[in-house]
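Have a look at the structure below before the remarks.
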Amino acid sequence: MRELIRANFQRMFKSRLFWGCVLFMYIVSAGELLSSKIEQLTGAGSAVASVLDSLLYDGALRLCVVMAVFVSVFIGTDYSDGTIRNKITLGHHRSNIYLANLIVCASAAVIMQAIHLFSLIIPGSFLFHDMTAATNEVIMLILLDMLAINAFSAIYVAICMTSRSKSTSAIVSLLFVFSVSLLSLIIFQELLQPEYVTDSVSLELVRNSYYVDGLKRSLFVFLNDVLPSSQIMQLESQQVIGHTDRFIIYDLAIMAVMTLGGIIVFQGEDLK
Amino acid sequence: MDYALQTDRLCKTYRHYHALDELTMNVPRGSIYGFVGKNGAGKTTLIRLICGLQKPTSGKFTLDDVHSTERDILKIRRRMGAVVETPSIYLDMTAEDNLKQQYRILGLPSYDGLRELLSLVGLSDTGKKRAKDFSLGMRQRLGIAIALVGNPDFLILDEPVNGLDPQGIIEMRELILKLNRERGITVLISSHILDELHRLATWYGFIDQGKIIKEMSAEELDAVCREYLRVSVSNMLALTSVLDARKLKYSVISETEADIYDEISVSELTHALDAENCTIFSMKEQNESLESYFVSLVGGESHA
């Protein structure tokens, strides 16, 4: 498997797609930094305790969308160009081919996330001087975000390794990430509803009709912990409803299940 | 005899379609094995099974006497190269980068021999040109170069001259002959272009409807593609009874024509047919081509 990983890294670093994604992450992060500074200078921005902190918590969901494109095209190329045949003909186990792809895609996500963070922290600390988050908090945030992003990556790899078509993989992966993100947003908004609100007429505390309770609330809380997009939203908004230790378990479980399932399907496929 | 590849009643079924039907074949080591068959006969399916792209429904095969289900088959596969249908190349990479990828996949410690491989296939001047800008012939040659990384003992080429111009076909033929002669590489080559195969192969396997109909050496094929006498007569019944009486091998082509494979005295034949009131319109000496032999194997009447 080492040989496959080395070959994949070599291909990735020569790939215009990879560098395009890296450049995109850098440009968007730098652009956000610049626009936040302009807003701060003109007084147009919203008051936040720390602009840099809020920017740091941003970007993970964007990376999930970028990874949907990257993984689909990177792995899909092996099918469209027929080069996966070279690996199998030479006797590499299909499980090793799968895992090598997963490892390299996960590494790509780490690199892109690192570019995003460095392009914020280094110039940002000069522009804003207002970073309040403790180092261990930032590290924990980064690790949790990385796990969530790689849970998505594991899903994309499973889609790509079993669909064999670059375009189908890209469409399905993008549809998936947007659909799941939308679901996460709905659940998050529902869970944020307070149980009691002040009536605008009587000024008394009344029960909020939009408050979700009972079985539905339990389900929403569960999904809020399980869905990687929900985890990212909670971390980005700094309003964690669930339990961050459970995030780790669920993300690892998603990666394990998707990888195992993907390998089983891939091993049984007749390739042309 | 040593065999690079042996299959034993190999079957492959897709839903209800039997692509391979108890196919048994033997590829001698060091040979250029020409794999001949119609479209849909099962050539590419067999190649896919041997390369590990698909699993057989039943039956088995061995590569260098190692069973396909044994762990050691992985080591044997490292000594194999294949071009299956289309060349497996990264279109967005240069020829050199494509070869480097293959070196990495094989786990070779250095890129020794890379320049020589590019020279061997005539791609040493491609520079930074990406494979997507190559002509079909150049892509085919790059595919072969990739298959040659690691000095394989066994090379599988599925229709390597498809889409090549006459010059390209000649170059491909010379390359294959050179690899077999100088490096002793066993080559399994499937092709529709029978005349081209005739210039290359030292062994033949004829496949039809998923089965090997016949395997033979080039010498045996040359003996079969032998001279014969084509006669045109007025009474085929008379001719066949005369030939049967003399226990001569022949095959009826049409109502008035037949091919006689054994030696026969023309005077004697004329005399015998005259006694049966049969007129001979013409007599010609001819050779059987690989094409007509193939057609006779997969279809067409024969009394030979």
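The values are calculated or read from the model by the stated rules, or taken from the named source; none is laboratory data. Since this is a predicted model, take the numbers as computed values, not measurements. As a convention, Cβ positions derive from the backbone with ideal geometry for all residues, glycine included, and neighbour counts pool all protein chains shown. All accessible areas refer to the heavy atoms of the entire protein, side chains included, with ligands and DNA or RNA removed. Shrake-Rupley method; radii C 1.70, N 1.55, O 1.52, S 1.80 Å.
Summing charges over all other residues whose Cβ lies under 9 Å from the Cβ of residue A:60, with Lys and Arg as +1 and Asp and Glu as -1, gives -2.
Scanning residues 5 or more positions from residue B:214 or on other chains, those with amide H under 5 Å from its amide H are B:206, with H placed 1.01 Å from N in the peptide plane.
Calculate, for residue A:246 and residue B:256, the FRET efficiency according to 1/(1 + (r/R0)^6) with r their C-beta to C-beta distance and R0 60 Å; round to the nearest 0.05.
The value I calculate is 0.10.
Between A:82, A:20, A:43, the residue with the greatest mean-square fluctuation in the GNM of chain A (Cα pairs under 10 Å linked by springs) is A:43.
Potential lengthening of the chain between residue A:210 and residue A:265 amounts to 15.5 nm, from the contour at 0.36 nm per residue minus the alpha-carbon distance. Using only the C-alpha atoms, the convex hull of the protein assembly as shown corresponds to 224 Å³ per residue. Taking the alpha-carbon centroid of each part, what is the distance from the range B:228-245 to the range A:62-134 in angstrom? About 77 Å separates the Cα centre of the range B:228-245 from the one of the range A:62-134. Summing Lys and Arg as +1 and Asp and Glu as -1 over all other residues whose Cβ lies under 10 Å from the Cβ of residue A:10 gives a net charge of +4.
A Förster radius of 35 Å, combined with the Cβ-Cβ distance separating residue A:167 from residue B:199, puts the computed FRET efficiency at roughly 0.25. Remark: the range A:2-267 carries a charge dipole of roughly 1520 debye about the Cα centre, counting +1 on each Lys and Arg Cβ and -1 on each Asp and Glu Cβ. Annotation for the A:B interface, with buried accessible surface near 2800 Å², both sides summed [1.4 Å probe; non-protein components not counted].
For the range A:102-119, 3J(HN,Hα) computed residue by residue from phi via the Karplus equation (6.51, -1.76, 1.60; θ = phi - 60°) reads 4, 5, 5, 5, 4, 5, 4, 5, 4, 4, 5, 5, 5, 4, 4, 6, 5, 6 Hz, glycine and proline entered as x. When the square roots of the Cα gyration tensor eigenvalues are ordered a ≥ b ≥ c, the ratio a/c for the range B:226-287 is under 1.5, which makes its shape rounded. Name the most mobile residue of A:95, A:200, A:163, meaning the one with the largest mean-square fluctuation, in a Gaussian network model of chain A with Cα contacts below 10 Å. Greatest mean-square fluctuation among the candidates belongs to A:200.
Each label was represented as a point 7 Å from its Cα along the Cα-to-Cβ direction; for residue B:177 and residue A:65 these points are 6.1 nm apart.
Taking amide hydrogens as placed 1.01 Å from N in the peptide plane, the amide H of residue B:4 sits under 5 Å from those of B:27, B:29, each at least 5 positions away in sequence or on another chain.
Taking every protein chain into account, the accessible area of the protein assembly as shown amounts to 47 square angstrom per residue (probe 1.4 Å).
Among B:75, B:178, B:55, the residue with the largest mean-square fluctuation in a Gaussian network model of chain B, with springs joining Cα atoms closer than 10 Å, is B:75.
Shape call for the range A:82-217 from the C-alpha gyration tensor, a ≥ b ≥ c root eigenvalues: rounded (a/c under 1.5), prolate (a/b greater than b/c) or oblate? Judged from the Cα gyration tensor, the range A:82-217 comes out oblate (a/c at least 1.5, b/c at or above a/b). Rounded to the nearest 10 degrees, the inclination of helix A:60-80 to the longest alpha-carbon principal axis of chain A is 10 degrees. Spin-label model, residue A:80/residue B:60: points 7 Å from Cα along the beta carbon direction are separated by 4.2 nm.
Take the Cβ-Cβ distance between residue A:200 and residue A:19 as r, set R0 to 45 Å, and report the resulting FRET efficiency rounded to the nearest 0.05. Please list the in-between numbers first.
On the way: r = 55 Å, r/R0 = 1.21.
E(calc), rounded to 0.05, equals 0.25.
Please give the charge dipole size of the range B:6-111, origin at the Cα centre, charges +1 on K and R Cβ atoms and -1 on D and E Cβ atoms. Round to the nearest 20 debye.
Details: 16 positive and 11 negative charges, 37 e Å.
About 180 debye.
Projected label points at residue A:189 and residue A:26, each 7 Å from Cα along the beta carbon direction, are separated by 3.7 nanometres. Net length available on complete extension from residue B:271 to residue B:85 is 61.3 nm, with 0.36 nm assigned per residue and the Cα-Cα distance removed. 3J(HN,Hα) along the range B:151-167: 6, x, 8, 9, 10, 10, 10, 9, 6, x, 9, 4, x, 8, 7, x, 5 Hz, from the Karplus curve 6.51 cos²θ - 1.76 cosθ + 1.60 with θ = phi - 60°, whole Hz, x for Gly and Pro.
Please determine, in degrees from 0 to 90 and to the nearest 10, the orientation of helix A:228-237 with respect to the longest principal axis defined by the Cα atoms of chain A, where the helix direction is its Cα long axis. Compared with the principal axis, the helix lies near 40 degrees. The angle between the Cα long axis of helix B:136-148 and the longest principal axis of the Cα atoms of chain B comes to about 70 degrees, rounded to the nearest 10. If you take the square roots of the eigenvalues of the alpha-carbon gyration tensor of chain A and sort them as a ≥ b ≥ c, do you get rounded (a/c under 1.5), prolate (a/b over b/c) or oblate? Oblate. Taken over chain A, lysine pairs spaced eight or more positions apart, or on distinct chains, with alpha carbons under 30 Å apart number 6.
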